[in-house]
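The values are calculated or read from the model by the stated rules, or taken from the named source; none is laboratory data. Since the model is a prediction, treat every value here as computed from it, not as a measurement. FYI the Cβ positions are ideal-geometry reconstructions off the backbone, even for glycines, and counts take in every protein chain you see.
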Amino acid sequence: MRGTNGVPVPIIVSTADPLGALKLTLIDRGFRAKKEYLRLFPSLNVSYNLFENLIVRGAYYQTVGRPDFVEYVGGLQLPNTDNPNSASNRITISNVNLKAWQAETYMARAEYYFAKGGQLSVGAFLRDYKNFYAAVVTRPTPQFLQAYGLDPDIFGDYDVATKYNYEGNIRMTGLEFDFQQPLTFLPNWARGMRFFVNASSQRAKDATDQFIDMSPFVASWGLSLNRPKFNIRINENYRGLQRRGPVAAGTRGIEPGSYTYRSKRLYIDVSAEYYLTKQLGAFMAIRNLNDATEDTKVYGPNTPSYAKFRQRDDYAALWTAGIKGSF
């Protein structure tokens, strides 16, 4: 609301009337948007038996990813003018013109089956993204402030954060490995034991910081023992160093090129079941037996080792036990 001189008039709203504040700051169904994503998604899957126990597979397919619903209904969020020095205090605007990203994926895989029940497989994929979403923070232009009716004297010094479709191509590559084998060479008391190991890696080129939580290397391995009366499983899961989102330069002395990282960690899980009868059994599971922690670090190219650590989450081990049955 503006006065006769065009200057915005402050409105005092009682904290006991939150509905009144919403009526003054939000317009009910004030914006309409209509989007349609009409696409064809061809796919091709081929497999060929090179030998009786060796199969090669190939695939090609297209996928699409639509923007979140908030991009069409989020509107404009203004910063808190009482805290002008905060680096995260920005004008945030959704982009109704965001296009859906589209990707083409090529996959290849080879599977070898051992005579005594084991399996070995190796696979790889290549995925190209077009129109992927990228975040941008920029200075507001006079045209932008005028289009949204924002006073340049109040909001002209605040950055504007929004999303756009990245014009370049983003390529993601991945590798995976899987091996399973029953340990038939063990003595009779260890019959029914099986070993497994698998690993995977995903990397993106020119990712524009959008693939947060992508794991360059993940591996799992373990042993299982299955008998008619009971079974025991021991699994170990390893996750390598994981880069998350960028940290704004200048925040608490952070240098450009700084990111948040999740440190490598190893989880050990144990589970067991014992069948009292055909219908009734007892079970126990231990998650994170070794009490592995989730460490967070923030650093850039020149951050010393002693200054990288930021936070530690210690969830400890989770023990679960109970009785289950089917009748």
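Here are the numbers for the structure shown:
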| read-out | value |
| --- | --- |
| Test: residue in segment 162-171 that is assigned to a loop (DSSP other than H, G, I, E, B) and out of contact with any strand residue (DSSP E or B) (no Cβ under 7 Å at 6 or more places or on another chain) | yes |
| Residue match in segment 118-129 (condition: within 24 Å of Tyr60 (Cβ to Cβ), outside any loop (DSSP other than H, G, I, E, B) and touching a Pro at 6+ places or on another chain (Cβ under 9 Å)) | no |
| Total residues in segment 257-299, condition over 28 Å from Tyr315 (Cβ atoms) and touching a strand residue (DSSP E or B) at 6+ places or on another chain (Cβ under 9 Å) | 6 |
| Candidate set: segment 148-195, residues that are over 30 Å from Ala134 (Cβ atoms) and of a type in the set (Asp, Glu); chosen: the one modelled with the lowest pLDDT | Asp153 |
| In segment 97-125, the residues that are of a type outside the set (Gly, Ala, Ser) and farther than 30 Å from Tyr166 by Cβ | Glu111, Tyr112, Tyr113, Phe114, Lys116, Gln119, Leu120, Val122 |
| Residue ranges of strands (runs of 3 or more DSSP E) in segment 270-316 with at least 2 members modelled with pLDDT under 90, among the charged types (D, E, K, R) and surrounded by fewer than 11 Cβ atoms within 10 Å (Cβ to Cβ) | none |
| Residue identified as modelled with pLDDT under 90 and surrounded by 15 or more Cβ atoms within 10 Å (Cβ to Cβ) among Ser201, Ser215, Ser220, Ser224 | Ser215 |
| Given (1) more than 22 Å from the chain's Cα centre (by Cα); (2) closer than 30 Å to Arg239 by Cβ, index of the condition Leu145 fails | (2) |
| Yes/no for Thr105 being under 30 Å from Leu50 (Cα atoms), out of contact with any helix residue (DSSP H, G or I) (no Cβ under 7 Å at 6 or more places or on another chain) and assigned to a strand (DSSP E or B) | yes |
| All positions within segment 44-81 that are of a type in the set (Phe, Trp, Tyr) and touching a strand residue (DSSP E or B) at 6+ places or on another chain (Cβ under 8 Å) | Tyr48, Tyr60, Tyr61 |
| Leu223 under 24 Å from Ala285 (Cβ atoms) and either within 20 Å of the chain's Cα centre (by Cα) or in a strand (DSSP E or B) (or both) | yes |
| Any hit, segment 1-8, residues being at pLDDT below 75 and over 31 Å from the mean Cα position of the chain (by Cα) | yes |
| Some residue of segment 133-147 being surrounded by 15 or more Cβ atoms within 10 Å (Cβ to Cβ) and free of Cβ contacts under 8 Å to residues at least 12 places away in the same chain | yes |
| The lone exception for Asp82 - which of (1) more than 25 Å from the chain's Cα centre (by Cα); (2) part of a strand (DSSP E or B); (3) among the charged types (D, E, K, R) it fails | (2) |
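To keep it simple, each residue is scored yes or no on (1) more than 30 Å from Gly174 (Cβ to Cβ); (2) in a strand (DSSP E or B); (3) modelled with pLDDT of 85 or more.
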| site | (1), (2), (3) |
| --- | --- |
| Arg57 | no, yes, yes |
| Glu71 | no, no, no |
| Ala135 | no, yes, no |
| Gln146 | yes, no, no |
